[in-house]
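A.B. asks: Below are the structure tokens for one structure; questions will follow.
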Amino acid sequence: MATINTTNFSDFVANMEIKFRMAFDEFPKVASQLYEVEGTNLLTGDESSLDGYTVAKTKREGEDFAYLDINQGYRKAWTVYEIGGMTKITWKMRVGNKYREMDQRINNLGRSTAKRMEWDLTHRFTFGTATTYTNLDGESISITVGDSLQLFYSAHTVTGSSTTFRNIVANNPLLSKGGIEAAEKLFATQMIDSNGELINEVPDTLITTNDPTTVNIALEYLKSTSAPDGAVSGIYNVLGNKYKLISLPFLSTTAAGAYDSTKASYWMLANLKGTDAVCKVLEYPTFIPPTENDGKEFETMDWKFATHAALALMILRANWVVFSKGDGS
């Protein structure tokens, strides 16, 4: 391509949009697997659960059916927020045919949007033992679930019963056979609906950080045919292929994306078929080019390119995921 000017500007923009989309699409989007991702045309709203029907009652001959009790679950409000950023293509880049540098700028614009979304989706779990966290913009973000408690807690409440449930493993064990079984026991004995009745939440996914030691422990338990810690060789590995493994690359980070070694051993057991984490998208990441006439700054002759997205995050219930810090605390 010759010097970029108003004649070939539209072709250049079309090419840059393709590069932006490719960079965004190629960035690993791991955390979205934990969410129900859906579009919205609203700026704000709320969600509620309706899972509190009691079990069926006996119907005696000639008598009416019994009315089943139902309790409305907690409601959780959500509000769309915006993310975005911009870069510029200078006059010297355009007339000097510096396509490599221009490509890098547009590619990084796409990666930046993807990374910010990955951080935000992940940090709801990273800071799940707290009710708020301060994001990289310095804003205090509320991350409570429907009962106004932190995501991971020892006494979650429900609307129609005084019974509580816990979804944080006692003593925060390191990832191990015993730790996984302790998490499984919480699923089997603790998870209740709005009436306080046990529900059948069956975990299907083991979630870890990307810490090599933690990931390798998970792989040993999920991929070995014999029990990795069996006292006698040849013992069947009951955890083999039992769970899907997801390693979140930003789970053990600070809100600003720096590595945090104190979180390296975090792990979770989850039923992703019953996830109650929701990501509502008002605008999917969009590439915003300048126009031929108005896009060029008079003072600098720069062309500015931007990216924009708008989304809302919410976790309504906590009975589909169990957590351990993995530090024995």
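A.B. asks: Normalised by the number of residues in the chain, what is the relative contact order in percent for Cα pairs under 8 Å and 6+ residues apart?
C.D. replies: Values: 669 pairs, mean separation 83.8, N = 329.
The normalised contact order for the chain reaches 25 percent.
A.B. asks: Something else: What is the magnitude of the charge dipole of the chain about its Cα centre, with +1 placed on the Cβ of each Lys and Arg, -1 on the Cβ of each Asp and Glu, and no other charges, expressed in debye to the nearest 20?
C.D. replies: Values: 31 positive and 39 negative charges, 162 e Å.
Using Cβ point charges on Lys, Arg, Asp and Glu, the chain gives about 780 debye.
A.B. asks: Rolling a 1.4 Å sphere over the protein heavy atoms, what is the accessible area per residue of the chain, to the nearest Å²?
C.D. replies: I get 50 Å² per residue for the chain.
A.B. asks: Which residue, chosen from Trp119, Asn107, Tyr74, occupies the Cα position most advanced towards the positive end of the dipole of the chain, where the dipole is computed from +1 (Lys, Arg) and -1 (Asp, Glu) charges on Cβ about the Cα centre?
C.D. replies: Selected residue: Asn107.
A.B. asks: Over the chain, with every protein chain in place, what whole percent of the accessible area is carbon and sulfur at 1.4 Å, could you tell me?
C.D. replies: Roughly 51 percent, rounded to a whole number.
A.B. asks: Right, something else. Under 5 Å between amide hydrogens, which residues at least 5 positions from Cys279 or on another chain qualify, with H placed 1.01 Å from N in the peptide plane?
C.D. replies: Glu36, Val37, Glu38
A.B. asks: I've got another one for you. Can you give the FRET efficiency for Asp64 and Lys98, using 1/(1 + (r/R0)^6), R0 = 56 Å, r = Cβ-Cβ distance, to the nearest 0.05?
C.D. replies: 0.10
A.B. asks: Between the DSSP loop rule and a limit of at most 12 other Cβ atoms within 10 Å, which chymotrypsin sites (Phe, Trp or Tyr not before Pro) in the stretch 21-104 are left? Walk me through the numbers before you get to the answer.
C.D. replies: Values: sites: Phe24, Tyr35, Tyr53, Phe65, Tyr67, Tyr74, Trp78, Tyr81, Trp91, Tyr99; in loops: Tyr35, Tyr53, Phe65, Tyr67, Tyr74.
Here the sparse-neighbourhood loop sites are Phe65, Tyr67.
A.B. asks: How much length would be gained if the chain were fully extended between Lys29 and Asp137, taking 0.36 nm per residue of separation minus their Cα-Cα distance, in nm to one decimal?
C.D. replies: Numbers: separation 108, 0.36 × 108 = 38.88 nm, distance 2.14 nm.
The span from Lys29 to Asp137 would gain 36.7 nm if fully extended.
A.B. asks: Continuing with the same structure: Count charges around Asp69 for me, please; just the other residues with Cβ under 14 Å from its Cβ, Lys/Arg as +1, Asp/Glu as -1. Walk me through the numbers on the way to the answer.
C.D. replies: Numbers: positive: Lys57; negative: Asp51, Asp193, Glu197.
Net of charged neighbours comes to -2.
A.B. asks: Have a look at Glu82, Glu63, Glu197 and tell me which one the Gaussian network model of the chain (Cα, springs below 10 Å) gives the largest fluctuation.
C.D. replies: Top of the fluctuation ranking is Glu63.
A.B. asks: For the stretch 224-281, build the charge dipole from Cβ charges (+1 Lys, Arg; -1 Asp, Glu) around the Cα centre, then report which of Ala256, Asn271, Leu245 sits farthest towards its positive end.
C.D. replies: Positive-most Cα among the choices belongs to Asn271.
A.B. asks: 222 nm [θ] for the chain, helices only, -39500 (n - 2.57) per DSSP H run of 4+, per residue, to 500?
C.D. replies: Values: 5 runs with 76 residues, N = 329.
The per-residue figure over the chain is -7500 deg cm²/dmol.
A.B. asks: So which of Lys76/Lys263; Lys177/Lys223; Lys29/Lys115; Lys242/Lys273; Lys76/Lys244 end up more than 19 Å apart by C-alpha? Don't jump to the answer; show the numbers that get you there.
C.D. replies: Numbers: Lys76/Lys263 28 Å; Lys177/Lys223 13 Å; Lys29/Lys115 8 Å; Lys242/Lys273 15 Å; Lys76/Lys244 29 Å.
Beyond 19 Å between Cα atoms: Lys76/Lys263; Lys76/Lys244.
A.B. asks: Right, another one. Work out from phi, with θ = phi - 60° and the Karplus expression 6.51 cos²θ - 1.76 cosθ + 1.60, the ³J(HN,Hα) of each residue of the stretch 156-169, listed in order in whole Hz, and give x for Gly and Pro.
C.D. replies: Going residue by residue, I get 5, 9, 10, 6, x, 7, 8, 5, 10, 9, 10, 9, 10, 5 Hz, with x marking Gly and Pro.
A.B. asks: Once amide H atoms are placed 1.01 Å from N in the peptide plane, what residues at a sequence separation of 5 or more from Asp51, or on another chain, have their amide H within under 5 Å of its amide H?
C.D. replies: Counting only residues 5 or more places away or on other chains, the set is Gly73, Ser194.
A.B. asks: List, in order, the whole-Hz ³J(HN,Hα) value for each residue of the stretch 138-153 obtained from phi through the Karplus relation with A = 6.51, B = -1.76, C = 1.60 and θ = phi - 60°; use x for Gly and Pro.
C.D. replies: With coefficients 6.51, -1.76 and 1.60, one gets x, 8, 7, 10, 6, 10, 5, 9, x, 8, 6, 10, 5, 4, 9, 8 Hz.
A.B. asks: Can you give the relative contact order of the stretch 111-163 as a percent, counting alpha carbon pairs under 8 Å and 6+ residues apart? Present the calculation step by step, with values, prior to reporting the outcome.
C.D. replies: On the way: 44 pairs, mean separation 13.2, N = 53.
Relative contact order, the stretch 111-163: 25 percent.
A.B. asks: Would you mind computing the Rg to Rh ratio of the chain from its alpha-carbon coordinates, Kirkwood style for Rh?
C.D. replies: Details: Rg = 24.7 Å, Rh = 22.7 Å.
That ratio is 1.09, to two decimals.
A.B. asks: Still on this structure, please answer the following. Add +1 for every Lys or Arg and -1 for every Asp or Glu among the other residues with Cβ under 14 Å from the Cβ of Asp260, and state the total.
C.D. replies: Values: positive: Lys263, Lys325; negative: Asp211, Asp327.
Local net charge: 0.
A.B. asks: Ranking request for peptides 134-146, 273-285: highest mean number of other beta-carbon atoms within 10 Å first, then the rest in descending order.
C.D. replies: Numbers: 134-146: 14.8, 273-285: 18.4.
Descending mean neighbour count gives 273-285, 134-146.
The values are calculated or read from the model by the stated rules, or taken from the named source; none is laboratory data. Computed from a predicted model, the values in this text were never measured in an experiment. Neighbour counts run over all protein chains shown; Cβ positions are idealised from the backbone, glycine included. SASA here: full protein model, heavy atoms, side chains in, ligands and nucleic acids out. Shrake-Rupley method; radii C 1.70, N 1.55, O 1.52, S 1.80 Å.
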